[in-house]
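Just below is one structure, and these are the notes that go with it.
Please treat every number below as a calculation from the coordinates, not as lab data. None of the values given here were measured: they were computed from a predicted structure. Neighbour counts run over all protein chains shown; Cβ positions are idealised from the backbone, glycine included.
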Amino acid sequence: GATLGIIGGGQLGRMSAMAAARLGFNVHILSAESDPPAGDVARRTTVGAYDDPEILRRFAESVDAITFEFENISAGGLDILSSLRPVHPSGAILAISQDRVREKSFLAAHDIAVAPFHSVPDRSHLAMAAETLGFPFLLKTTRFGYDGKGQFRIADRAMLEALEAELPYPLIAEGYVDFACELSVMVARNALGAVQSFAVTENQHKDGILDLSLAPARIPVDLAHKAQDLARRVAGALDLIGLLGVEMFVTAQGTLLVNEIAPRPHNSGHWTMDACVVDQFEMHIRAVAGLPLPDPYRHSDAAMKNLIGPQGLAACPPALQEPGLALHLYGKSEWREGRKMGHVNALFPLGALPGSYGLEERFDRLFSRIEEP
Ligand code: ATP
Ligand code: MG
Ligand code: MG
């Protein structure tokens with residue numbers, strides 16, 4: 001059979017590898033970790049850094065096509081891989097999503113609304129950023145941030161002056177969005193331009209980390225359609241082959257702003273694993289492998305709760321006892337604080353997401369057991 005190469009060995013790689021295996025592919029992962037979650041379910045090569053030319057070359061030659069779950073591959077590394085095998089999504093898309101200034105500039109240039117932003121390559125640009133955005137505003141490292149890491153909420157001028165000498169430049173400054181809620185849309189697109197999107201997801205974060213996702217989002221149907229259209233437009237503008245998570249804010253006025261994009265399966269799409277016949281990981285693999293992309297039909301409503309850190313482990317015994325609850329663990333050996341260890345999906349009949357039929361109560365009971373085991 002054909003062999004699919006996946007760069008990165010985290011939980012997204014693990015779940016992608018499982019989906020690929022189910023479709024009959026051999027999977028070879030490349031990981032810089034010594035005991036990566038995906039290493040349990042696929043052949044693995046360990047690499048010191050993702051730009052080692054010799055290892056990248058040998059890895060590429062061992063597979064038929066390459067995708068990734070880890071976005072921070074260097075341009076040089078991508079060039080080596082792309083010169084030997086098809087890489088999807090493309091290096092050009094990675095380069096955009098790796099850098100928040102390029103990402104927001106690309107979106108704005110394609111008439112996709114984003115929060116007002118200002119590039120802050122060094123300290124000398126802060127005053128202008130503060131002037132145009134006003135307080136409070138956010139500073140984010142342009143690269144490598146995730147789970148809210150590398151972000152600073154600047155409340156006022158005094159705080160800015162206290163911090164400016166030691167901030168980790170280059171940064172992007174963003175206007176602070178007083179959002180009504182956060183949404184995401186997972187959209188898949190193949191080489192023929194066929195596009196499919198999953199139901200709009202509503203996301204709640206805790207301490208900068210995704211905590212809970214609800215699908216479908218509890219928003220009016222016309223807004224949901226707008227969010228899906230927006231995600232499709234972004235996928236088209238990027239000429240995407242693969243899967244893309246598009247994170248959005250709903251503003252107090254009910255308009256949509258795109259926050260960030262991730263050209264890979266996304267944490268907020270994990271509910272699709274149990275609520276859809278074809279989940280986000282399989283859609284990703286199908287798009288990359290040139291297989292058909294039918295409507296990834298949702299047969300149930302769903303709520304996804306992340307299991308984070310040692311508390312997540314403690315939540316497993318009650319989660320295992322709950323009927324109708326799907327537990328997914330990532331096989332991580334170290335249960336560090338703030339680390340995503342697994343997730344649980346709770347399913348509800350279509351149209352019955354918490355809010356009706358007493359499901360809200362069941363839902364609360366379930367997740368309070370997970371929070372306070
Ligand atoms: P992820 O783990 O999703 O990759 P990240 O570290 O890349 O996160 P963002 O998604 O940009 O960072 O920000 C994390 C969260 O911080 C957002 O989901 C949102 O709750 C909040 N946030 C980010 N940008 C803004 C903004 N401009 N205004 C208000 N809140 C924001
Ligand atoms: Mg991010
Ligand atoms: Mg985000």
Open item on the list: For residue 277, project a label point 7 Å along Cα to C-beta. Then give me every residue of the stretch 164-199 with its amide nitrogen under 13 Å of that point.
Closed with: none
TODO: Please quote Rg/Rh for the stretch 181-371 to two decimal places, taking the Kirkwood radius as Rh and restricting both calculations to Cα atoms.
DONE: 0.96
Task: Burial ordering of 226, 206, 140, fewest other beta-carbon atoms within 10 Å first - done: 206, 226, 140
TODO: Mind giving me the nanometre distance, one decimal, between the label points for residue 350 and residue 34, set 7 Å out from Cα along Cα→Cβ?
DONE: 5.0
- [ ] State the extension gain, in nm to one decimal, for the chain segment bounded by residue 85 and residue 123, taking 0.36 nm per residue of separation less the distance between their alpha-carbons.
- [x] 9.5 nm
Open item on the list: Just to verify a number: FRET efficiency for residue 211 and residue 166, C-beta to C-beta distance, R0 = 25 Å, to 0.05?
Closed with: 0.25
TODO: Within the stretch 265-333, list the trypsin sites (Lys or Arg not before Pro) lying in a DSSP loop whose Cβ has at most 16 other Cβ atoms in a 10 Å radius.
DONE: none
- [ ] Pick out, from 180, 224, 196, the residue whose Cα sits farthest towards the positive end of the charge dipole of the chain, with +1 on the Cβ of Lys and Arg and -1 on the Cβ of Asp and Glu.
- [x] 196
Task: Under 17 Å from the Cα of residue 332 - aspartates and glutamates, other chains or at least 8 residues apart - done: 33, 35, 40, 69
Task: Prolate/oblate/rounded label for the stretch 116-175 (Cα gyration tensor, a/c 1.5) - done: rounded
TODO: Pull up all non-local amide H partners of residue 68: gap of 5 or more, or a different chain, and H-to-H distance under 5 Å with H placed in the peptide plane.
DONE: 7
Open item on the list: Could you tell me the calculated FRET efficiency between residue 336 and residue 221, based on Cβ-Cβ distance and R0 = 30 angstrom, to the nearest 0.05?
Closed with: 0.15
Task: At 1.002 mPa s and 20 °C, Stokes D of the chain from Kirkwood alpha-carbon radius, µm² per second - done: 100
Open item on the list: Roughly how far apart, in whole Å, are the Cα centres of the stretch 109-156 and the stretch 225-279?
Closed with: 22
